[in-house]
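Asks: My questions will all concern the structure given below.
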Amino acid sequence: MRRIPCQSVKQFMVSMYAPRMRRELYLLCFDRTHRLLLVPVAPHGLALPTGHCRTHETYEQAARRLMASRDLRQGDVVARLEAEPPAGSRGRSEARIFTAHVRRGQAAEAKLGDVWLPWRQALPVLDRLAIPELPEFIEGYVDGWIPDGWITLGH
């Protein structure tokens, strides 16, 4: 039996790992009247609250961290976004959309620059995400015909 030098094994193990992946998440935050939370982005735009997973952090942990900063509770539906990496990109990315709600009995708090819009009025702002199924996903969630659990959206 041939022994492999320890240094060779370490080099092999380091090269086994997949390239770094950016893991992003978006929050669809609703109040009791189905208004959607949009937050300011530079220079003068609005977007969904967004975050990313830290090293060794799951999507759910990252979503809870983002929701805790706004005192929200997690909804029952999570969307997984399937995406093709852009041509010439140097890394991969994946994303999840978590649903969230203002806690029962609390008013929709607005931090400086936050905007709460009726969800249909917020759709043009979300076009930049380039998720064709997003309007139907939001409508189905608000109207209750998207089942609880996971759903996959093309990206």
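Asks: Select from the range 34-75 the residues that are open to solvent by less than 70 Å² (accessible area, probe 1.4 Å) and of a type in the set (D, E, K, R) and list them in ascending order.
Replies: Passing the criteria: GLU57, ARG70, ASP71.
Asks: Anything in the range 108-155 that is part of a strand (DSSP E or B) and either modelled with pLDDT of 85 or more or out of contact with any Asp or Glu (no Cβ under 8 Å at 6 or more places or on another chain) (or both)? List them, or say none.
Replies: VAL115, TRP116, LEU117, PRO118, GLY149, TRP150, ILE151, THR152, LEU153
The values are calculated or read from the model by the stated rules, or taken from the named source; none is laboratory data. All values derive from a computational prediction rather than experimental measurement. Every residue, glycine among them, receives a Cβ derived from its backbone with ideal geometry; neighbour counts consider all protein chains shown. Accessible surface is based on the protein model in full, side chains and every heavy atom, while ligands, DNA and RNA are left aside. Shrake-Rupley method; radii C 1.70, N 1.55, O 1.52, S 1.80 Å.
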